[in-house]
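Everything below concerns the one structure shown next.
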Amino acid sequence: MRQIKEVLHLHANGQSHREIASALRLSRATVWEYLDRARRGSDNHIVGPTPLW
């Protein structure tokens, strides 16, 4: 869960998917999946009631 929070934090600070993937040593597909899940609201316990973007 720490990686998911870090992905969301970096994305909220304007970093690209590629930059996030490189910084956290994740695949771009994983970064995309985490952000997509957050956008769809399936991880409401992480994102909270209001979207980050």
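Remarks
- Where a residue in segment 11-25 is in a helix (DSSP H, G or I) and its partner, wherever it lies, is modelled with pLDDT under 95 and surrounded by fewer than 16 Cβ atoms within 10 Å (Cβ to Cβ), with Cβ under 6 Å and at least six apart: ALA12/LEU52
- Check on HIS9, modelled with pLDDT of 90 or more and in contact with a helix residue (DSSP H, G or I) (Cβ under 6 Å, 6 or more places away or on another chain): no
The values are calculated or read from the model by the stated rules, or taken from the named source; none is laboratory data. This is a predicted model, so every value here is computed, not measured. So basically every Cβ, Gly included, is an ideal-geometry build from the backbone, and we count neighbours across all protein chains shown.
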